[in-house]
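Remarks on the structure that follows.
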């Protein structure tokens, strides 16, 4: 082009608000105006001689090559002469939307292409905002229409309700008068019943005092009876021994068996007398002195009592005491631990070594104490009878069925609960929950094996 044409074009393109790029048929950039460098983030002059693909995202490059080759070979334009929206690639790698208008011409048998590019990022953003705003406005319009329908329906309901209220007003007045009359009669009746209830409460109080006295008398009777029965039992045992000694040369098999049955009966009588004594002791100690008791100390005392059977049976005792101190009667706590361990040893399985786990921990306003074993276990249908006095669920093992009854009496009279989970041939877990008056957590918790 002439100097005038060249300089004029450069002056116009330099001040243009859109990007102007000219390339040859090999996609080599021949010219790019100032706006092009601003839009794509290059230094002025940096694009000259580079391939147009440097301004395209990778996904557009193959299509650009194919379209350019098709146009040069056929001369039939597809997007030339049209304005399209595509994406451009800046020097920093960011992709942005743009509007492209393409034109071409042929000079000295060579094709040249010019593109006018406009960054439409802001236009796209405004379009999205407009669409979102229109969607929001449509939602609000729908809500307003729905509210209008609801208001119309509510107006109809209010009109109907108002008519019903007008009709019911007189009925309510009559009903109110009737209720006032009934209230007066009811108030009078309540006053009469109140006097009667006070008399009933006095009677109940007196009966309760009588029951307490009767309970004390019954405990005294059991204690006295068990004490008084000991002497005849001792005498009976002595007489049997003398009889056996005198008749020993003349005893045959049947007589020996009969004397053995008598001795067994005397032994059972001793056990029953001792159990009755234990019941009365437990009852008398239910409200014994309360103090801060160390669970660990009491447990160690009880374990010492079972030291011989632990060694003989090869049993393992595991301790997990997260709470060490409890506000309780020391003798009662010892009785609980002793009876639970005694049952675990007594009803151990012959098929495996006995493992007893003793644990304590906090649970809100209660202290939980558990004794778990891997012994014989108890059938589910028999468990409700487990804490009944003199109830024995394993008759093949010697026992009286009094230990768990005593534990239950002690626990419940101290405001606690006892629960058992057990499966046959798997073991049992006794869980005792006692109100927390004062509990001191054990500083170091570790497993102890004996």
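The values are calculated or read from the model by the stated rules, or taken from the named source; none is laboratory data. This is a predicted model, so every value here is computed, not measured. Positions of Cβ are generated from backbone atoms using ideal geometry, with glycine treated the same way; all protein chains shown enter the neighbour counts.
So, residue 118, is that one in contact (Cβ under 8 Å) with a residue 60 or more places away in the chain and either under 24 Å from residue 19 (Cα atoms) or loosely packed, with under 11 Cβ neighbours inside 10 Å (or both) or not?
yes
Rundown of residues vs (1) part of a helix (DSSP H, G or I); (2) at pLDDT 75 or above; (3) under 48 Å from the mean Cα position of the chain (by Cα), yes/no style:
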site	(1), (2), (3)
264	yes, no, no
275	yes, no, yes
284	yes, no, yes
293	no, yes, yes
302	yes, yes, yes
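So that you can scan it fast, the table gives a plain yes or no per residue for (1) crowded, with 19+ Cβ neighbours inside 10 Å; (2) under 19 Å from residue 435 (Cα atoms); (3) not assigned by TED's automatic domain parsing to the domain that holds residue 421:
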residue: 315; (1), (2), (3): yes, no, no
residue: 319; (1), (2), (3): yes, no, no
residue: 328; (1), (2), (3): yes, yes, no
residue: 333; (1), (2), (3): yes, yes, no
residue: 343; (1), (2), (3): yes, no, no
residue: 354; (1), (2), (3): yes, no, no
residue: 357; (1), (2), (3): no, no, no
residue: 383; (1), (2), (3): no, no, no
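Could you identify the single residue in 39, 29 that is in contact with a helix residue (DSSP H, G or I) (Cβ under 7 Å, 6 or more places away or on another chain) and either buried (at least 16 other Cβ atoms within 10 Å of the Cβ) or not assigned by TED's automatic domain parsing to the domain that holds residue 95 (or both)?
29
With the condition kept exactly as written, say whether any residue in the range 85-106 is over 19 Å from residue 18 (Cα atoms) and in a strand (DSSP E or B).
yes
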